[in-house]
Amino acid sequence: MFVLSKPAIEQFSDIRNSKPTTLFPQIPLVDLSKPDSKHQIIKACEEFGFFKVINHGVPIEFISRLESEATKFFSLPLCEKEKTGQPKPYGYGNKRIGTNGDVGWVEYLLLTTNQDPNLLRFLSGENLESFSFTLNSYMSAAKKMACEILEMIADGLKIQPRNVFSKLLMDVQSDSIFRLNHYPPCPDVQPMNGGNMIGFGEHTDPQIISVLRSNNTSGLQISLRDGSWISVPPDQNSFFINVGDSLQVMTNGRFKSVKHRVLANSVKSRLSMIYFGGPPLSEKIAPLPSLMRGEQSLYKEFTWFEYKKSAYDSRLADNRLMHFERI
Ligand code: GA4
């Protein structure tokens with residue numbers, strides 16, 4: 001159901017001319033059960049805006065149940081999946097990302113964490129209860145882990161209260177979202193000639209923190225500060241954490257949101273599930289005074305609503321924070 005003719009395939013960008021891709025350095029690995037993990041998290045957020053976590057406490061059956069529901073959904077005929085029309089922005093989307101012309105070799109489901117029962121009823125067909133239950137169990141576990149990590153970050157930065165970041169995700173009004181991405185094998189990828197089809201183009205996440213889990217298919221890459229790209233070896237038993245733009249602002253630039261992208265694979269499907277932890281829409285996003293130590297804020301004042309609106313009006317690869325920097 002994911003068939004494109006040759007001219008359509010040519011609409012997709014490839015990355016033949018971008019900076020070289022490296023396999024090193026190693027992605028920071030944080031064992032959440034270790035007493036010094038908060039220091040490792042701080043270091044990883046400062047250096048990469050990205051790290052992998054093990055001993056995360058998310059039950060494996062939550063993950064495998066959601067993976068099998070997602071696989072079932074994505075294997076439905078395209079006309080079934082497209083019944084709700086274009087995502088606005090929630091729902092099923094295919095190849096088009098956002099509303100400003102970005103395309104990728106991907107199909108996806110984008111949902112709010114405060115589930116829309118009508119959308120879910122449609123997506124799950126006969127299977128509403130089990131689908132909602134599976135989704136809820138997974139999302140709650142991912143949110144819990146995100147909150148624990150944010151509390152470790154507060155401890156590591158020596159700021160109080162330790163729920164200063166996590167309370168934004170715990171708020172009933174939290175504007176958090178959830179995404180399932182399916183990257184079908186892309187027959188036109190020819191690694192031998194250096195061509196790589198883009199599954200999901202480079203971008204940073206606008207929210208506070210993102211928790212990603214994928215199956216064992218490669219494709220994810222992160223950008224280092226020097227602009228080079230490193231491939232992230234997949235690990236279906238671990239989670240990958242991204243610093244989002246909002247956390248960059250709240251730390252007054254001490255943490256940097258990580259630029260990342262996904263390349264299509266010629267033979268294997270990639271399935272990823274991402275929880276994006278965001279604040280309530282009315283929340284002011286600004287550097288925490290306790291982190292400022294007499295420094296000036298690098299950013300103008302704005303609410304999450306204002307930032308989100310501007311982000312959704314942008315192209316995927318744009319530098320979204322630029323418009324909110326103080327000159
Ligand atoms: C990136 C992070 C999340 O996947 C997302 C994306 C959103 C979308 O797919 O509709 C955006 C993208 C993301 C940032 C810029 C805008 C909005 C696509 C796009 C071109 C759901 C999000 O919140 O921002």
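The values are calculated or read from the model by the stated rules, or taken from the named source; none is laboratory data. None of the values given here were measured: they were computed from a predicted structure. For neighbour counting, all protein chains shown are included, and Cβ atoms are generated from backbone atoms with ideal geometry for every residue, glycine included.
Tell me whether segment 94-117 contains one or more residues that are surrounded by 14 or more Cβ atoms within 10 Å (Cβ to Cβ) and more than 15 Å from the ligand (Cβ to nearest atom).
Among the residues of segment 94-117, at least one is surrounded by 14 or more Cβ atoms within 10 Å (Cβ to Cβ) and more than 15 Å from the ligand (Cβ to nearest atom), which makes the answer yes.
Those residues that are more than 12 Å from the ligand (Cβ to nearest atom), surrounded by fewer than 18 Cβ atoms within 10 Å (Cβ to Cβ) and on the phi < 0 side of the Ramachandran plot, I need them from segment 67-93; list them, please.
Ser68, Thr71, Lys72, Ser75, Leu76, Pro77, Leu78, Cys79, Glu80, Glu82, Lys83, Thr84
Quick one: Ser228 ticks every box in (1) more than 22 Å from Ile149 (Cβ to Cβ); (2) buried (at least 19 other Cβ atoms within 10 Å of the Cβ) except a single one, so which number is it?
(2)
Taking the stated definitions as given, is Gly194 more than 13 Å from the ligand (Cβ to nearest atom), modelled with pLDDT under 95, more than 11 Å from the chain's Cα centre (by Cα) and on the phi > 0 side of the Ramachandran plot?
Details: more than 13 Å from the ligand (Cβ to nearest atom): yes; modelled with pLDDT under 95: yes; more than 11 Å from the chain's Cα centre (by Cα): yes; on the phi > 0 side of the Ramachandran plot: yes.
Yes, satisfied.
On the given criteria, is Met250 within 16 Å of the ligand (Cβ to nearest atom), crowded, with 19+ Cβ neighbours inside 10 Å and aliphatic (A, V, I, L, M)?
On the way: within 16 Å of the ligand (Cβ to nearest atom): no; crowded, with 19+ Cβ neighbours inside 10 Å: yes; aliphatic (A, V, I, L, M): yes.
When the stated conditions are applied, Met250 does not pass them.
Can you find even one residue in segment 69-91 that is assigned to a strand (DSSP E or B), of a type in the set (Val, Ile, Thr) and touching a Leu at 6+ places or on another chain (Cβ under 7 Å)?
Of segment 69-91, the ones assigned to a strand (DSSP E or B) are 91.
From what is left, the residues that are of a type in the set (Val, Ile, Thr) are none.
Checked segment 69-91: no residue is assigned to a strand (DSSP E or B), of a type in the set (Val, Ile, Thr) and touching a Leu at 6+ places or on another chain (Cβ under 7 Å).
Out of Glu47, Glu61, which single residue is charged (D, E, K, R), surrounded by fewer than 16 Cβ atoms within 10 Å (Cβ to Cβ), modelled with pLDDT of 95 or more and farther than 16 Å from Phe239 by Cα?
Values: Glu61 fails: farther than 16 Å from Phe239 by Cα.
Testing whether each residue is charged (D, E, K, R), surrounded by fewer than 16 Cβ atoms within 10 Å (Cβ to Cβ), modelled with pLDDT of 95 or more and farther than 16 Å from Phe239 by Cα leaves just Glu47.
For segment 222-240, state whether one or more residues are farther than 16 Å from Phe51 by Cα and within 16 Å of the ligand (Cβ to nearest atom).
First, the residues of segment 222-240 that are farther than 16 Å from Phe51 by Cα: 226-228.
So of that shortlist, the ones also within 16 Å of the ligand (Cβ to nearest atom) come out as none.
Within segment 222-240, not a single residue is farther than 16 Å from Phe51 by Cα and within 16 Å of the ligand (Cβ to nearest atom).
Could you grab the pairs with beta carbons closer than 9 Å, sequence gap of 6+ or different chains, first residue in segment 160-180 and under 24 Å from Leu119 (Cβ atoms), second one among the charged types (D, E, K, R) and within 13 Å of the ligand (Cβ to nearest atom)?
Asp175/Lys308
Is there any pair with a first residue in segment 228-248 that is assigned to a strand (DSSP E or B) and a second that is among the small types (Gly, Ala, Ser) and surrounded by fewer than 22 Cβ atoms within 10 Å (Cβ to Cβ) whose Cβ atoms are under 6 Å apart and which are 6 or more apart or on different chains, and what are they?
Qualifying pairs under 6 Å: Trp229/Ser223.
Return the residues of segment 82-136 that are more than 22 Å from the chain's Cα centre (by Cα) and in contact (Cβ under 8 Å) with a residue 60 or more places away in the chain; say none if nothing qualifies.
Ser130
Here is a yes/no grid of residues against (1) within 15 Å of the ligand (Cβ to nearest atom); (2) crowded, with 16+ Cβ neighbours inside 10 Å:
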{"residue": "Val267", "(1), (2)": "no, no"}
{"residue": "Tyr275", "(1), (2)": "yes, yes"}
{"residue": "Pro279", "(1), (2)": "yes, yes"}
{"residue": "Pro287", "(1), (2)": "no, yes"}
{"residue": "Met292", "(1), (2)": "no, no"}
{"residue": "Lys308", "(1), (2)": "yes, yes"}
{"residue": "Met322", "(1), (2)": "yes, no"}
{"residue": "Ile327", "(1), (2)": "no, no"}
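Check Ala142, Ala146, Ala154 and return the single one that is within 16 Å of the ligand (Cβ to nearest atom), more than 30 Å from Gly85 (Cα to Cα), at pLDDT 90 or above and of a type in the set (A, V, I, L, M).
Working: Ala142 fails: more than 30 Å from Gly85 (Cα to Cα); Ala154 fails: within 16 Å of the ligand (Cβ to nearest atom).
After ruling out the rest, the residue left standing is Ala146.
Could you list, ordered by first residue, the pairs with Cβ atoms under 6 Å in which the first is in segment 303-327 and modelled with pLDDT of 95 or more and the second is within 13 Å of the ligand (Cβ to nearest atom) and among the basic types (Lys, Arg), at least 6 apart or interchain?
Pairs that qualify, where the first residue is modelled with pLDDT of 95 or more and the partner is within 13 Å of the ligand (Cβ to nearest atom) and among the basic types (Lys, Arg), are Ala311/Arg320; Ser314/Arg320.
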